[in-house]
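Asker: There's a structure below that I have some questions on.
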Amino acid sequence: MLYQLYETQRAMMAPFAEFASASAKLYSHPLSPFAHVPMSQRLSAGFDLLHRLAKEYEKPAFGITSATVGDVEVAVQEQVRLEKPFCRLLRFKRFTDDPGALAQMKSQPTVLVVAPLSGHHSTLLRDTVKSLLHDHKVFITDWTDARMVPLEHGPFHLDDYVAYVQEFIRLIGERVHVISVCQPTVPVLAAVSLLGTQTKTDPDAFTPRTLTMMGGPIDARRSPTAVNNLAMNKSFAWFEANVIFRVPPNYPGAGRRVYPGFLQHSGFVAMNPDRHLTSHYDYFADLIRGDDDSAEAHRQFYDEYNAVLDMPAEYYLDTIKTVFQDFALVNGTWRVHGEPVRPEDITTSALLTIEGELDDISGAGQTKAAHGLCKGIPAERQFHIDVQGAGHYGIFSGRRWREKVYPEVRAFIAAHNESAAARPRASTKKLALVGRRRA
């Protein structure tokens, strides 16, 4: 019933949001007589803020149309490589007529970015993709809002997530490098572990050249955060009874059980309410001062932050139980579609883990725990980076990502772009100096 009440409130607020938007323009447009009355800037700023607080936020576009390869600017086209009920595999295809740039692009490594299915859309990794496009062929998982998936497509479990990742890896091919950000570090490690097990009996099976895991709950028992504590201290029955609702009839997925996006958004805001309140006040002040650059930066951030999706209930509840209550991966008890998950069976991939010093979502050591599980990967192909001064988002977006983290990721991928058997030992030792440096 809560979802229906939310939809009713949203429908009632829509006219007020439009009225606030129109009023903001009425008091700011240079051709409007109201723009010249006393206090017009304050009135316009107030209505603009009301509009943004009341409006509905749709999924943003990636909006990536170009990238720089060497010194050449190339065009970028977003393509759907594979479409499944709960996810699209996107490729950012680069085009150029420059022979040198074209030859360079063809020789560059291929990267699969596995985006989180944890509230926000995959466009949250826009900055990650932009950086990678300079030096790589880039694919990304674009998870579908569960309220848009008809019931006829059935449920979506954590095991299905793992199967999707395996399918995408096989489709792209054995030269792929996989980067997982936050939540998907766990299912990605499971997917690659199962592929590693298959290599023992199937000569055509393979694992990715590299695994880069960023800020994920591989072992949520280490340095638990507020997010971890909630998942660990509430019972499984509590989550099922309090956060799972059915999609209302005005969506294609009517009747599907989901963890609604609006509830997730409320949780995001509740983690740092003072920071959001200050941010909105600063936006109001920027509008009054005419600081268009700061106001636009606020809009861009919250257009992304406020756009949320519904998660399939089965997937969310499986994640709570498997990752945060049973710790099935680190305890060695996880089975996916009946097959045991054995990270020690990964032997030919290289592993890089990345953590932020100030990460309040995945605590210190949680991602690094992957090294203790992947015992089959030789020590000279295992690396870890602590990013000083970075929070959760800072390890994959923003200045620290671009200036500190990405150069390390690029060097790691480049050094391990050949298969383990063909890679010269000298190049491996050279990377060890790069990978172990603290960013």
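The values are calculated or read from the model by the stated rules, or taken from the named source; none is laboratory data. Treat the numbers as computed from the prediction; the structure is a model and nothing was measured. Neighbour counts run over all protein chains shown; Cβ positions are idealised from the backbone, glycine included.
Asker: Right, LEU309: free of Cβ contacts under 8 Å to residues at least 40 places away in the same chain, touching a helix residue (DSSP H, G or I) at 6+ places or on another chain (Cβ under 8 Å) and closer than 26 Å to GLY119 by Cβ or not? Break it down stepwise before answering.
Answerer: Details: free of Cβ contacts under 8 Å to residues at least 40 places away in the same chain: no; touching a helix residue (DSSP H, G or I) at 6+ places or on another chain (Cβ under 8 Å): yes; closer than 26 Å to GLY119 by Cβ: yes.
The answer is no for LEU309.
Asker: While we're on this one: Being touching a residue at least 40 places away in the same chain (Cβ under 8 Å) and either assigned by TED's automatic domain parsing to the domain that holds PRO30 or more than 23 Å from the chain's Cα centre (by Cα) (or both) is true for just one of TYR281, TYR251. Which residue is that? Please lay out each step first, then the result.
Answerer: Details: TYR281 fails: touching a residue at least 40 places away in the same chain (Cβ under 8 Å).
Only one candidate passes the filter, namely TYR251.
Asker: Inside the range 112-203, counting only helices (runs of 4 or more DSSP H) that do not spill past its ends, which hold 2 or more residues that are in contact (Cβ under 8 Å) with a residue 60 or more places away in the chain and of a type in the set (D, E, K, R)?
Answerer: Fully inside the range 112-203 and qualifying: 126-132, 158-172.
Quick grid of which residues meet (1) assigned to a loop (DSSP other than H, G, I, E, B); (2) farther than 28 Å from GLY290 by Cα:
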{"site": "ALA24", "(1), (2)": "no, no"}
{"site": "SER28", "(1), (2)": "yes, no"}
{"site": "ARG52", "(1), (2)": "no, no"}
{"site": "VAL80", "(1), (2)": "no, yes"}
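Asker: Considering only the range 15-30, I want to know if a residue exists there that is closer than 30 Å to PRO150 by Cβ, surrounded by 15 or more Cβ atoms within 10 Å (Cβ to Cβ) and touching a residue at least 24 places away in the same chain (Cβ under 8 Å).
Answerer: Scanning the range 15-30, I find at least one residue that is closer than 30 Å to PRO150 by Cβ, surrounded by 15 or more Cβ atoms within 10 Å (Cβ to Cβ) and touching a residue at least 24 places away in the same chain (Cβ under 8 Å), so the answer is yes.
Asker: Need pairs with beta-carbon distance below 6 Å; first residue closer than 23 Å to ILE140 by Cβ and in the same structural domain as GLN79 (by TED's automatic domain parsing) and within the range 90-109, second aromatic (Phe, Trp, Tyr) and exposed (fewer than 15 other Cβ atoms within 10 Å of the Cβ); sequence gap 6+ or separate chains.
Answerer: Partner pairs satisfying both residue conditions: none exist.
Residue-by-condition table, conditions (1) among the polar types (S, T, N, Q); (2) under 14 Å from ILE320 (Cα atoms); (3) at pLDDT 95 or above:
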| site | (1), (2), (3) |
| --- | --- |
| PRO208 | no, no, yes |
| VAL227 | no, yes, no |
| SER235 | yes, yes, no |
| ASN242 | yes, yes, no |
| LEU263 | no, no, no |
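Asker: Go through THR347, THR353, THR367, THR322 for me and flag whichever is over 30 Å from ALA54 (Cα atoms), of a type in the set (Ser, Thr, Tyr) and surrounded by fewer than 17 Cβ atoms within 10 Å (Cβ to Cβ).
Answerer: THR347
A quick yes/no check of all residues on (1) among the aromatic types (Phe, Trp, Tyr); (2) in contact with a helix residue (DSSP H, G or I) (Cβ under 8 Å, 6 or more places away or on another chain); (3) buried (at least 21 other Cβ atoms within 10 Å of the Cβ):
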site: SER107; (1), (2), (3): no, no, no
site: VAL114; (1), (2), (3): no, yes, yes
site: THR123; (1), (2), (3): no, yes, no
site: TRP143; (1), (2), (3): yes, yes, yes
site: ASP159; (1), (2), (3): no, yes, no
site: ILE169; (1), (2), (3): no, yes, yes
site: GLY173; (1), (2), (3): no, no, no
site: THR197; (1), (2), (3): no, yes, no
site: ALA205; (1), (2), (3): no, yes, no
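Asker: Now for a different question. Exactly one of (1) surrounded by 14 or more Cβ atoms within 10 Å (Cβ to Cβ); (2) outside the structural domain of ALA370 (by TED's automatic domain parsing) is unmet by TYR315. Its number?
Answerer: (2)
Asker: Also, I was wondering about something else. From (1) farther than 28 Å from ARG170 by Cβ; (2) touching a residue at least 40 places away in the same chain (Cβ under 8 Å); (3) not acidic (Asp, Glu), pick out the condition that doesn't hold for HIS36.
Answerer: Looking at each condition in turn, HIS36 falls short on (2).
Asker: Does the range 62-78 hold any residues that are in a strand (DSSP E or B), surrounded by 15 or more Cβ atoms within 10 Å (Cβ to Cβ) and in contact (Cβ under 8 Å) with a residue 60 or more places away in the chain, and which are they? Explain how you work it out, then say what you get.
Answerer: Taking the range 62-78 as the starting set, the residues that turn out to be in a strand (DSSP E or B) are 66-69, 72-78.
Filter again for surrounded by 15 or more Cβ atoms within 10 Å (Cβ to Cβ), leaving 67, 69, 72, 74, 76, 78.
Correct list: ALA67, VAL69.
Asker: In the range 82-101, which residues are buried (at least 16 other Cβ atoms within 10 Å of the Cβ) and assigned to a helix (DSSP H, G or I)?
Answerer: Residue satisfying the conditions is ALA101 alone.
Asker: Please work out which one of (1) in a helix (DSSP H, G or I); (2) modelled with pLDDT of 95 or more is the condition ILE385 fails and give its number.
Answerer: Failing condition for ILE385: (1).
Asker: A further question on this structure: When you scan the range 360-382, do you find a residue that is touching a strand residue (DSSP E or B) at 6+ places or on another chain (Cβ under 7 Å), hydroxyl-bearing (Ser, Thr, Tyr) and either in a helix (DSSP H, G or I) or modelled with pLDDT of 95 or more (or both), even just one?
Answerer: yes
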